[in-house]
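The next block holds one structure in the form of structure tokens; read it before the comments.
Laboratory data are not the source of any read-out in this text; all were calculated from the coordinates shown. All values derive from a computational prediction rather than experimental measurement. When we count neighbours, we look across all protein chains shown, and the Cβ atoms used for this are built from the backbone with ideal geometry, even at glycine.
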Amino acid sequence: MPEEKYVAVITQPDAVMQTGEAAFFDVDNTLMKGASLFHVARKMHQRGAFTLTQAAGFAWKQFKFVTRGENMDDVHAVRDSALTLAAGITVDDIKALGEEVYDEMIASRIWPGAKALAQQHLRVGRRVWLVTATPIEVAAVISTRLGLTGALGTVGEIADGMYTGRLVGDILHGSAKAVAVQELADAEGLDLKRCWAYSDSYNDIPLLTLVGHPVAINPDSRLRSHARDHNWPVYDFRSGRRAATLGLKAATAGGVIYGLWKGFARIRGPRI
């Protein structure tokens, strides 16, 4: 098991455990609107960690992420800034920051449809893991608050109870997600051909092709094209409409219908 990227947040499923089966969810633009890392940066700005000019730069990157999809240059820029600013901050402070970020900025941005999918997997006895480039402290909070099984995320180096400003390994992104999930599957006895994976980004193709049931949620243009070519289910909760229906298993169909209804209702109500 990739212990340096693993947080066990074990919940009891509502049904008998499905041996060997699990679902893996990306976070940014898949489970929630926007990028969680940018909200961490915003919270750090509120605490006076950096200037208004820097905060404006983060806000612009967040806008581009929501409207255009993932740009790793932007993600790496925010990550590097956050790491530098986190140097010398205690682990307890970062954990508290993660709780605040969830309550104030992430909870209201969770896509109802994606949340319903995760809950439906839990109801039928599948484990549900987050797999994300976001800091593990934030990923663990999201996982816990949603009652999921656990999270794989990017880990900051710790020495004497404080962050050093360096990473343990690299950011959990792209092919690194597939490696981490394969290691987790080996440790947990999962049959990946009986597992699900959900993402919005073409960069997560390695993870999506690792499982037997890949699903695109709110996909960028390249992932949408790839999913269409490979007959993968595609769901778009950004406008409340179903982008395509390509045979998602019955175990998750109820959650999708609920999420689509909630998404449609959101069009007529206040926007996030």
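Peptides 95-103, 126-134 ranked from most to least packed by the mean count of surrounding Cβ atoms within 10 Å: 126-134, 95-103. Charge dipole (Cα centre; +1 on Lys/Arg Cβ, -1 on Asp/Glu Cβ; no other charges) of segment 119-245 amounts to roughly 720 debye.
The length gained on full extension between ASP92 and VAL179, counted as 0.36 nm times the residue separation minus their Cα-Cα distance, comes to 28.4 nm. Extension gain for SER108-ARG123 works out to 3.1 nm (0.36 nm per residue, less the C-alpha to C-alpha distance).
Listed highest first by mean packing, meaning other Cβ atoms within 10 Å per residue, what order do 190-199, 28-37, 218-227 come in? Show your work: numbers first, answer last.
Values: 190-199: 21.9, 28-37: 24.0, 218-227: 19.3.
Top to bottom by mean Cβ count within 10 Å: 28-37, 190-199, 218-227.
Once you have the Cα-Cα distance between GLN18 and ARG194, take 0.36 nm times their residue separation minus that, and quote the gain in nm to one decimal. Could you put the intermediate results ahead of the total?
Details: separation 176, 0.36 × 176 = 63.36 nm, distance 0.99 nm.
Full-extension gain reported as 62.4 nm.
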